[in-house]
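Beneath this line is the structure, given in structure tokens, with notes to follow.
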Amino acid sequence: MKTLLIVYHSRTHTARLAALMAKKGADSIKKSLAVEHQILLKQAPEVTLEDLVNADSYLFCAPENLGTLSGAMKECLDTYYYDVLGKIEGRPFSAIIGAGTDGSGALRQLRTICTGWRLNEVVPSKILLTQADTPETIQAPKVLTKEQEEQAWEIGATLFALMA
């Protein structure tokens, strides 16, 4: 049985909602293809070395904080970086970054980590902008637009379909 691992960290809900929509997309394809592959949705602090090594495909959903990945997502990836070297090469990944007005720094940082692991970005990653640019709007809970929900759903569905 193959596994799609969706790892997320979120404080204001953008990345969490994106991860949930991506899982819905993957679940939909799983049902339509009638395969037994699994979809594992985990918050970054809960991810284990075994989760990373045993997964066949990855989706990383995280916010951009001050131009980089959120600390919890970075800590998760840092914790296991060297332990998985040479064990997950060639596997597919994609990413969804939640950001106020940019997101490119976090996506660049994540791509650098995935390049080190020799993962393949088979589904183009997305940056979901919330237009939050003041302390109040940055810290406020977020919702996804319909278009952003569809983009996240499509990424999850596509990653799962490519694995099936």
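Values for this structure:
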quantity	calculated
Relative contact order, percent, segment 1-156 [alpha-carbon distance under 8 Å, six or more residues apart]	31 percent
Rounded to 5, the percent of DSSP beta bridges in the chain classed as antiparallel	10 percent
Vicinal HN-Hα couplings computed from phi for segment 68-84 (Karplus, 6.51 cos²θ - 1.76 cosθ + 1.60; Hz; Gly/Pro x)	9, 4, 4, x, 5, 5, 4, 4, 4, 5, 5, 4, 10, 3, 6, 5, 9
Solvent-accessible heavy-atom area per residue, rounded to whole Å², over the chain at 1.4 Å	49 Å²
Residue-span extension gain [Glu89 to Ser104] - 0.36 nm each, minus C-alpha spacing	3.0 nm
Whole-percent carbon and sulfur share, accessible surface of the chain, 1.4 Å	51 percent
Assigned charges on the beta-carbon of Lys, Arg, Asp, Glu; the chain dipole about Cα centre (debye)	220 debye
Among beta bridges that DSSP assigns inside segment 5-87, antiparallel share in %, nearest 5	20 percent
Net charge contributed by nearby residues that have their C-beta within less than 14 Å of Glu154 (K/R +1, D/E -1)	0
Estimated vicinal HN-Hα couplings, Hz - segment 107-119 in sequence order (Karplus 6.51, -1.76, 1.60; Gly, Pro = x)	5, 4, 4, 5, 4, 5, 4, 5, 5, x, 7, 6, 7
Hits among lysines - C-alpha to C-alpha of Lys2 under 21 Å, sequence gap 8 or more where chains match	Lys23, Lys24, Lys30, Lys31, Lys42, Lys87
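The values are calculated or read from the model by the stated rules, or taken from the named source; none is laboratory data. None of these values were measured; they are calculated from a predicted model. Virtual Cβ from ideal backbone geometry, glycine too; neighbours counted across all protein chains shown. Accessible surface areas use protein heavy atoms only, side chains included; no ligands, DNA or RNA. Shrake-Rupley method; radii C 1.70, N 1.55, O 1.52, S 1.80 Å.
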